[in-house]
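Chemist: I am attaching a structure below and will ask some questions about it afterwards.
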Amino acid sequence: MTRDEVLQVFRDAGAMLEGHFILSSGLHSPVFLQKARVFMYPEKTEILCRALAAKIRESVPGPIDYVVSPALGGLIPGYETARHLAIPAMWVEREGGEFRLRRFEMPKGARVVIVEDIVTTGLSSRETVDALRALGADVLAVTCLIDRSGGEADPGAPLVALAEYKVPAYPEDALPPELAALPAMKPGSRGLT
Ligand SMILES: O=P(O)(O)OC[C@H]1O[C@H](OP(=O)(O)OP(=O)(O)O)[C@H](O)[C@@H]1O
Ligand SMILES: O=C(O)c1cc(=O)[nH]c(=O)[nH]1
Ligand SMILES: [Mg+2]
């Protein structure tokens, strides 16, 4: 799939939101990709994840044992991408703020690919990589549907994105006046109890 085709799926689903958003990293942005509005359509999710699975096969040499995704946003694309790779999918979820593989056993040396929905700073992906390496997994790549950093994020393993879409994001103390004038929303789940 081309970058424009991927972005068009988000547009068609009404998932390209404009306003004032607080991201998982604490950065503020005038654009939010509300992936849940894509994932509510199984056929749109299938199109994206089949293409991501093909890109993973091209980019990651050797066998892959598991897909692992960070909850919540990574769950649906992780499952669907694993289906196209014909391998099992697991997820990490936050416990006391830290990602943990609470419901699954990870064999030592297992060859793992992370599937994320969106990468902005790479922090959530890096937390996932660290949690899995601490269990003895061999993390081969971090993959995502959309990389908002335009290739600049460092998730701690090679990054494979179905599409890059560079979007501005600002620290709280450096907001452009037109963004500061709008009420801020935080759509993601980091920090929720
Ligand atoms: O690269 P980063 O700067 O870490 O940002 C990207 C992360 O932010 C979102 O998750 P969020 O924590 O908002 O919660 P969600 O998965 O429930 O949407 C998204 O799903 C990624 O996990
Ligand atoms: O950085 C984020 O938290 C983020 C950005 C985005 O566009 N979409 C999303 O779900 N999370
Ligand atoms: Mg997430």
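Chemist: Could you check, for region 62-71, whether at least one of its residues is acidic (Asp, Glu), touching a residue at least 24 places away in the same chain (Cβ under 8 Å), under 27 Å from residue 140 (Cβ atoms) and part of a loop (DSSP other than H, G, I, E, B)?
Modeler: Start the filter on region 62-71 by keeping residues that are acidic (Asp, Glu), which leaves 65.
Checking the rest, the ones that are also touching a residue at least 24 places away in the same chain (Cβ under 8 Å) come to 65.
Remaining after also requiring under 27 Å from residue 140 (Cβ atoms): 65.
Keeping just the survivors that are part of a loop (DSSP other than H, G, I, E, B) gives 65.
Scanning region 62-71 turns up at least one residue that is acidic (Asp, Glu), touching a residue at least 24 places away in the same chain (Cβ under 8 Å), under 27 Å from residue 140 (Cβ atoms) and part of a loop (DSSP other than H, G, I, E, B).
Chemist: Scan region 14-34 for residues that are among the small types (Gly, Ala, Ser), more than 9 Å from ligand 1 (Cβ to nearest atom), surrounded by fewer than 20 Cβ atoms within 10 Å (Cβ to Cβ) and within 17 Å of residue 174 (Cα to Cα) and report the count.
Modeler: Looking only at that region, the number is 1.
Chemist: From 54, 131, grab the single residue that is more than 23 Å from residue 24 (Cβ to Cβ), assigned to a helix (DSSP H, G or I) and away from ligand 3 (no atom under 11 Å from the Cβ).
Modeler: Every option except 54 fails the conditions.
Chemist: Could you check how many residues of region 75-130 are surrounded by fewer than 16 Cβ atoms within 10 Å (Cβ to Cβ) and at positive phi?
Modeler: Total meeting the criteria: 4.
Chemist: I would also like to ask the following. Between 119, 129, 113, which is modelled with pLDDT of 95 or more, under 20 Å from residue 73 (Cα atoms) and in contact with a Leu (Cβ under 6 Å, 6 or more places away or on another chain)?
Modeler: Values: 119 fails: in contact with a Leu (Cβ under 6 Å, 6 or more places away or on another chain); 129 fails: in contact with a Leu (Cβ under 6 Å, 6 or more places away or on another chain).
Exactly one of 119, 129, 113 is modelled with pLDDT of 95 or more, under 20 Å from residue 73 (Cα atoms) and in contact with a Leu (Cβ under 6 Å, 6 or more places away or on another chain), namely 113.
Chemist: Looking at (1) modelled with pLDDT of 95 or more; (2) over 17 Å from the mean Cα position of the chain (by Cα); (3) over 25 Å from residue 3 (Cβ atoms); (4) not hydroxyl-bearing (Ser, Thr, Tyr), find the lone condition where residue 60 falls short.
Modeler: Condition not satisfied by residue 60: (3).
Chemist: Shifting gears a bit: Kindly indicate which of 163, 110, 169 is in contact with a strand residue (DSSP E or B) (Cβ under 7 Å, 6 or more places away or on another chain) and either more than 25 Å from residue 22 (Cβ to Cβ) or of a type outside the set (A, V, I, L, M) (or both).
Modeler: 110
Chemist: Please state which of the following conditions residue 149 fails to meet, knowing it meets all the rest: (1) away from ligand 3 (no atom under 16 Å from the Cβ); (2) in a loop (DSSP other than H, G, I, E, B).
Modeler: For residue 149, the failing item is (1).
Chemist: Here are some conditions: (1) within 16 Å of ligand 3 (Cβ to nearest atom); (2) in contact with an Asp or Glu (Cβ under 8 Å, 6 or more places away or on another chain). Residue 87 meets all but one. Which one does it not meet?
Modeler: The number of the failed condition is (1).
Chemist: Can you confirm whether residue 149 is surrounded by 24 or more Cβ atoms within 10 Å (Cβ to Cβ) and not charged (D, E, K, R)?
Modeler: Answer is no for this residue.
Chemist: Inside region 63-96, can you point out the residues that are modelled with pLDDT under 95 and in contact with a strand residue (DSSP E or B) (Cβ under 7 Å, 6 or more places away or on another chain)?
Modeler: Matches in region 63-96: none.
Chemist: Next up: Filter region 167-193 down to residues that are among the aliphatic types (A, V, I, L, M) and not in a loop (DSSP other than H, G, I, E, B) and give me whichever is nearest to ligand 2 (Cβ to nearest atom).
Modeler: Checking each candidate, the answer is 185.
The values are calculated or read from the model by the stated rules, or taken from the named source; none is laboratory data. In this text the structure is predicted, and so the values were computed from the model without any measurement. Positions of Cβ are generated from backbone atoms using ideal geometry, with glycine treated the same way; all protein chains shown enter the neighbour counts.
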